[in-house]
1. Using the number of other C-beta atoms within 10 angstrom as an exposure proxy, rank 85, 121 with the fewest first.
2. When all C-alpha to C-alpha distances in the range 236-288 are sorted into bins of 5 Å, what percent of pairs does each bin hold, rounded to whole numbers?
3. Using 0.36 nm per residue of separation minus the Cα-Cα distance, give me the extension gain between residue 168 and residue 290 in nm, one decimal.
4. Which GluC sites (Glu not before Pro) in the range 220-278 pass both tests, a DSSP loop state and at most 15 other beta-carbon atoms within 10 Å?
5. Multiply the residue separation of residue 88 and residue 59 by 0.36 nm, subtract the distance between their alpha-carbon atoms, and state the gained length in nm to one decimal.
6. Report, to two decimal places, the Cα Rg of the range 127-251 normalised by 2.2 N^0.38 Å (N = number of residues).
7. On a full-extension model of 0.36 nm per residue, what is the gain between residue 133 and residue 273, subtracting their alpha-carbon distance, rounded to one decimal in nm?
8. Please report, to one decimal in angstroms, the Kirkwood hydrodynamic radius of the range 184-266 built from all distinct Cα-Cα pairs.
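Every read-out reported here was derived from the displayed coordinates using simple, explicitly stated rules and does not represent laboratory data. What you see is a predicted model, and the numbers here were worked out from it, not measured in a lab. Every residue, glycine as well, gets a Cβ built from its backbone with ideal geometry; the counts of neighbours run over all protein chains shown.
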Amino acid sequence: MNIIKNIFLGLAIVSLAASCEKDNALDTPVITGDYQVTLPSYAMFDGVGQSFYATNKADGNGDRPFNELSDEWTWETWFKVENGTKLDNNVLNSSIVMEQRYVFTVYLIPANTTKPRQERTVKVIDYSKPNGIGEKTVHVKSDFEVRYSKLTNNSDVELDSISTFKNDNFVLSYDQWIHLAITRSAATGIAKLFINGKKVGESNDPLWISKTSIAAPNWSGTYRGGYKSYMKGSQRKVRVSRVARYDDDFTPDLNTDFAVDAETLFMLNLTESEVKDENGGSPIMDVKGTYPHVCKLRQSNWGFDGDVYFDE
């Protein structure tokens, strides 16, 4: 990685020297190559046959871990979608971010192409700034939408859903990290969907109360008589809690890992360092929280993240 950074730094120096030779001053920012690591490790999924799950099998008393999430919970994760992932309004034909069969599903649907392009601020090399890093405004389009649906008992029928589709405040693009959270408060009886800390929608219908299920929760795909609906992309920081952690809008932090507390049922920061052992190509993950079983990751690809700045 240091070699890569040195190469990009060299390119930046050459670009600066060339610009100074031309006009001896920089009236506008010079955008060139640089590399800055922001995430040391995260799980990558190819959209073909990679995902992970947490079994919901019963213990000696007949209790299943995720069945204790009846009237209050938070499911959350960070994810990044790549171009080429499956997008469809039918959940069985699309890419699933996370779900528990017969309980709920969160999946990707085609973009609302009528949405206006959204302004987004990105970092660039700017030699007029003290640290050499400036900002630039770019305009991005919506590449996909997120739908959160409740499922009926013993069926994949969607009873109700909350979606980003009609909300112009959410322009979701490929190759961008997105924080997703679904919650329900026992005190208010309201279920909510948050994207990047902003509330997408809510419902006080009793159907959002979680149901007893033997099904295993899945991420980046699902199991419905066989594995399917894989997402092409990456995930980081998965947490399932016994409490509604978010009530109003909040600011999620990708660079700070989750900490275990008394309300944490299941937690993975999804870093390569959490792999305990290799078992036939299925890494065993060191799950945090009170979840009693081993979690197997049905993939073994790991990436590290950074920002690449380049000439336009």
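1. 121, 85
2. For the range 236-288, the pair-distance distribution reads 4, 17, 23, 24, 15, 9, 5, 3, 1.
3. My answer for the length gained is 40.0 nm.
4. Values: sites: 263, 272, 274, 278; in loops: 263, 278.
Passing both the DSSP loop test and the Cβ count: 278.
5. Working: separation 29, 0.36 × 29 = 10.44 nm, distance 3.71 nm.
Result: 6.7 nm gained on full extension.
6. 1.29
7. Values: separation 140, 0.36 × 140 = 50.40 nm, distance 3.08 nm.
Gain on stretching residue 133 to residue 273: 47.3 nm.
8. Working: mean 1/r = 0.0655 Å⁻¹.
Radius from the Kirkwood sum: 15.3 Å.
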